[in-house]
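Everything below concerns the one structure shown next.
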Amino acid sequence: MTPALTARNIAIVALLAGLLLMPVFAELAGNRFLLTLFTRIVILALAAVSLNLILGYGGMMSFGHAAYLGIGGYAVGMLAHEGVLSGFVQWPVALAGSALFALIIGALSLRTRGVYFIMITLAFAQMAYYIFAGLARYGGDDGLTIYKRSQFFNPINLSNKVQFYYICLALLFAAIYLVWRLVNSRFGMTIQGARSNDIRMRAIGFPTYRYKLVCFVIAGTMCGLSGALLANHTDFVSPQMMYWTRSGDLIIMVVLGGMGSPFGPLIGAVALLVLEEVLSGITEYWQIILGPLLLLVVLFARGGIDGLLVKLQGKERAKVRS
Amino acid sequence: MSEPMLQVENLAKRFGGIVATDDLVLNVEAGELHAVIGPNGAGKTTLIAQLSGQLSPDSGRVRFDGKDITALPMYRRSRLGLARSFQITSLFLDLSVLDNVALAVQAHAGHSFRFWRNARSEPDLREPARAALARVGLGERADGRASALSHGEHRQLELAMALAGSPRMLLLDEPMAGLGPEESARMVEMLRALKRELTILLVEHDMEAVFALADRITVLVYGRVIASGKPDDIRANADVRDAYLGEAETGAASHG
């Protein structure tokens with residue numbers, strides 16, 4: 001089966017090609033900021049991809065996903081502050097820390113549903129926020145500057161902006177592929193079944209709690225990686241990384257791009273952050289424009305931007321038939 | 001070997017001041033189709049919920065195939081071979097018809113911590129699922145979305161899902177609810193075929209279906225058993241006529 005030349009596939013291929021060639025554009029345009037912006041987009045897209053795994057496929061409305069960004073980031077920042085610069089230590093600690101945090105939050109919050117689940121995940125993330133804000137040794141509220149990026153063996157050098165961008169992009173593509181494999185496996189069918197009808201899943205013989213918990217931990221770990229990248233990108237970590245509005249941004253990316261679609265979170269991240277960049281260049285009050293736009297998407301395009309592209313494709317097909 | 005497949009011993013459940021199940025004793029023999037009837041509010045669905053593990057009783061015991069399952073969670077009972085269908089259609093509406101049944105097959109095919117291989121192309125899951133769909137007459141609709149099926153087809157899909165796990169006993173909660181006369185007749189035929197292979201506990205309002213299918217009938221009123229026996233005995237039982245059958249004849253239409 002070869003993928004058809006549909007509007008959606010063309011758009012996605014164009015997006016991926018654009019991302020792959022971004023450093024070239026930036027170089028040709030002489031615009032260094034473009035590469036910085038897109039490195040940030042790619043890193044946050046990775047976080048959104050991880051959120052999509054639990055939110056889009058698992059129906060778990062976590063409102064505390066930014067906590068893992070902070071934990072991953074602080075793992076890098078704190079170790080660097082203590083003189084441990086090796087990425088082979090920093091990154092595994094970032095992943096393990098996020099996994100552990102996800103295990104604890106998940107174990108408690110997955111026993112609840114609906115609004116309670118949202119509130120508990122939010123409460124835990126805010127708790128993490130205040131804990132890190134209280135760490136005077138690591139800058140407290142003001143955050144912590146990272147003087148040296150994570151060290152790997154030669155020739156890997158995260159301080160090289162182009163190289164760093166491609167590392168982030170490669171990790172993003174790997175994460176999208178991983179999630180795609182996961183959600184179509186037996187494990188993924190179990191998760192999707194639990195989203196669709198949890199009681200029925202248990203009635204036919206699935207202990208859904210443990211599957212959802214494992215899924216929750218996988219997503220948290222993946223987001224922790226995004227946090228480690230973000231810390232390296234900004235050379236700085238602060239509690240602000242895990243403030244609840246950041247969790248909200250991640251949800252917006254997923255919903256805007258298309259929940260439960262493999263490329264949706266990437267599309268959403270690009271759309272939201274580029275829009276933010278463009279609009280904030282026009283007016284200081286850019287959120288007044290962004291808000292209604294989001295509202296339109298939620299009201300009229302339930303599947304997000306990716307859903308719109310699929311619909312477009314449906315219309316093309318209908319035309320061919322008639 | 002003469003031990004009943006399902007033994008319910010002095011089961012009791014109250015919700016506040018309401019007694020939903022009152023010192024209920026019930027035996028279902030292996031291979032029989034045992035119907036439970038009773039007016040609305042008699043506690044039939046509550047009974048099924050306790051047998052399947054969705055609700056836990058306040059007191060009493062449930063044994064399945066000699067094993068005490070009173071404290072087992074739903075998924076463990078299902079794995080022992082006790083399958084349940086729902087009165088209110090409870091499906092995975094946003095998945096395909098085949099996905100629905102394949103999930104039921106997967107539930108009984110070991111653990112699902114398998115992260116890589118595409119489950120939708122595993123013959124071990126898809127083939128038994130297709131077979132179960134063919135058996136209930138939904139073979140043609142396998143690839144459509146579950147939400148696109150009619151109400152009658154949803155009931156058939158319910159049954160296919162219960163069958164997919166190759167259970168030893170079925171708990172059927174009003175499988176004819178909301179079906180038209182033709183669909184009901186088809187469902188009766190299907191159940192007649194199934195009862196040759198499985199033990200079935202059937203909760204049903206449709207008296208015609210119950211008397212056509214049941215080997216034995218238990219009548220519940222306010223959570224209590226008021227009679228239990230062969231269909232002819234039940235039909236002749238004066239208490240049952242008073243409490244239930246007389247009014248059911250006139251009230252049956254409103255049960256929908």
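Quick notes on this structure:
- Scanning segment A:198-213 for residues that are at the interface with another protein chain (Cβ under 7 Å from one of its Cβ atoms) and either modelled with pLDDT of 95 or more or more than 14 Å from B:Y75 (Cα to Cα) (or both) gives a single hit, A:Y211.
Here is a yes/no grid of residues against (1) among the β-branched types (V, I, T); (2) over 24 Å from A:N197 (Cβ atoms); (3) under 18 Å from the mean Cα position of the chain (by Cα):
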| site | (1), (2), (3) |
| --- | --- |
| B:S112 | no, no, no |
| B:E122 | no, no, no |
| B:M176 | no, no, yes |
| B:E182 | no, yes, no |
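- Checked against the criterion of being out of contact with any helix residue (DSSP H, G or I) (no Cβ under 8 Å at 6 or more places or on another chain), without any contact (Cβ under 8 Å) to a residue 40 or more places away in the chain, basic (K, R) and not in a helix (DSSP H, G or I), segment A:282-304 has at least one qualifying residue.
- Boolean, A:A271 is in contact with a strand residue (DSSP E or B) (Cβ under 7 Å, 6 or more places away or on another chain), assigned to a helix (DSSP H, G or I) and of a type in the set (G, A, S): no
- Counting only helices (runs of 4 or more DSSP H) that fall entirely inside segment A:194-267 and contain at least 3 residues that are of a type in the set (D, E, K, R) and closer than 30 Å to B:I48 by Cα, the qualifying elements are A:198-203.
- Residue selection: A:G193 satisfies the criterion of being free of Cβ contacts under 8 Å to residues at least 60 places away in the same chain, among the small types (G, A, S) and either within 12 Å of another protein chain (Cβ to nearest Cβ) or surrounded by 24 or more Cβ atoms within 10 Å (Cβ to Cβ) (or both).
- The lone exception for B:M190 - which of (1) among the hydrophobic types (A, V, I, L, M, F, W, C); (2) assigned by TED's automatic domain parsing to the domain that holds B:R14; (3) crowded, with 23+ Cβ neighbours inside 10 Å it fails: (3)
- Residues that are more than 7 Å from chain A (Cβ to nearest Cβ) and either basic (K, R) or touching a Phe, Trp or Tyr at 6+ places or on another chain (Cβ under 8 Å) (or both) within segment B:100-109 comprise just one, B:N100.
- Residue ID - surrounded by the fewest Cβ atoms within 10 Å (Cβ to Cβ), chosen from residues in segment A:129-160 that are touching a helix residue (DSSP H, G or I) at 6+ places or on another chain (Cβ under 7 Å) and over 25 Å from A:T39 (Cβ atoms): A:G134
- Some residue of segment B:196-205 being modelled with pLDDT under 90, surrounded by fewer than 20 Cβ atoms within 10 Å (Cβ to Cβ), basic (K, R) and over 15 Å from the mean Cα position of the chain (by Cα): yes
- In this structure, B:G81 does satisfy being surrounded by fewer than 23 Cβ atoms within 10 Å (Cβ to Cβ), within 12 Å of another protein chain (Cβ to nearest Cβ) and on the phi > 0 side of the Ramachandran plot.
- Test for A:L171: is it more than 10 Å from chain B (Cβ to nearest Cβ), closer than 25 Å to A:T36 by Cα and either part of a helix (DSSP H, G or I) or touching a Cys at 6+ places or on another chain (Cβ under 8 Å) (or both): yes
- Subset tally (residues that are at the interface with chain A (Cβ under 8 Å from one of its Cβ atoms), surrounded by fewer than 19 Cβ atoms within 10 Å (Cβ to Cβ) and not in a helix (DSSP H, G or I)) for segment B:110-137: 7
- Evaluation of A:M189 against the conditions (1) at pLDDT 95 or above; (2) aliphatic (A, V, I, L, M); (3) within 25 Å of A:M119 (Cα to Cα) shows that the sole unmet condition is (3).
- Failed condition for B:L103, given (1) modelled with pLDDT under 95; (2) closer than 18 Å to A:M201 by Cα; (3) of a type outside the set (V, I, T): (1)
- Every condition in (1) crowded, with 21+ Cβ neighbours inside 10 Å; (2) at the interface with chain B (Cβ under 10 Å from one of its Cβ atoms); (3) of a type in the set (A, V, I, L, M, F, W, C) is met by A:M242 except one, and the failing one is (2).
- Flag for A:V93 being within 14 Å of another protein chain (Cβ to nearest Cβ), assigned to a helix (DSSP H, G or I) and not basic (K, R): no
- Criterion (in contact (Cβ under 8 Å) with a residue 40 or more places away in the chain, of a type in the set (D, E) and within 9 Å of chain A (Cβ to nearest Cβ)) met by exactly one of B:D94, B:D65, B:D58, B:D22: B:D94
- If you go through segment B:45-55 and pick out every residue that is in contact (Cβ under 8 Å) with a residue 40 or more places away in the chain and farther than 14 Å from B:L24 by Cα, you end up with 2.
- When A:G220 is tested against the conditions (1) crowded, with 24+ Cβ neighbours inside 10 Å; (2) modelled with pLDDT under 95; (3) under 22 Å from A:M259 (Cβ atoms), the lone failure is (2).
Conditions tested, residue by residue: (1) surrounded by fewer than 23 Cβ atoms within 10 Å (Cβ to Cβ); (2) closer than 15 Å to A:M201 by Cα; (3) of a type in the set (A, V, I, L, M); (4) within 12 Å of chain A (Cβ to nearest Cβ).
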{"site": "B:L33", "(1), (2), (3), (4)": "no, no, yes, no"}
{"site": "B:I37", "(1), (2), (3), (4)": "no, no, yes, no"}
{"site": "B:G41", "(1), (2), (3), (4)": "yes, no, no, no"}
{"site": "B:S85", "(1), (2), (3), (4)": "no, yes, no, yes"}
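- Failed criterion for B:A212 (all others in (1) at pLDDT 90 or above; (2) in contact with a strand residue (DSSP E or B) (Cβ under 6 Å, 6 or more places away or on another chain); (3) surrounded by fewer than 18 Cβ atoms within 10 Å (Cβ to Cβ) hold): (2)
- Among all residues of segment A:59-70, there is at least one that is surrounded by fewer than 24 Cβ atoms within 10 Å (Cβ to Cβ), touching a residue at least 40 places away in the same chain (Cβ under 8 Å) and not aliphatic (A, V, I, L, M).
- Restricting attention to segment B:68-89, the residues being hydroxyl-bearing (S, T, Y) and either touching a residue at least 60 places away in the same chain (Cβ under 8 Å) or farther than 29 Å from B:I37 by Cα (or both) number 3.
- Being touching a Phe, Trp or Tyr at 6+ places or on another chain (Cβ under 8 Å) and among the small types (G, A, S) is a description that does not apply to A:S261.
The values are calculated or read from the model by the stated rules, or taken from the named source; none is laboratory data. Model, not experiment: these values are computed from the prediction. Heads up, the Cβs are rebuilt from the backbone with ideal geometry, glycines too, and the neighbour counts pull from every protein chain shown.
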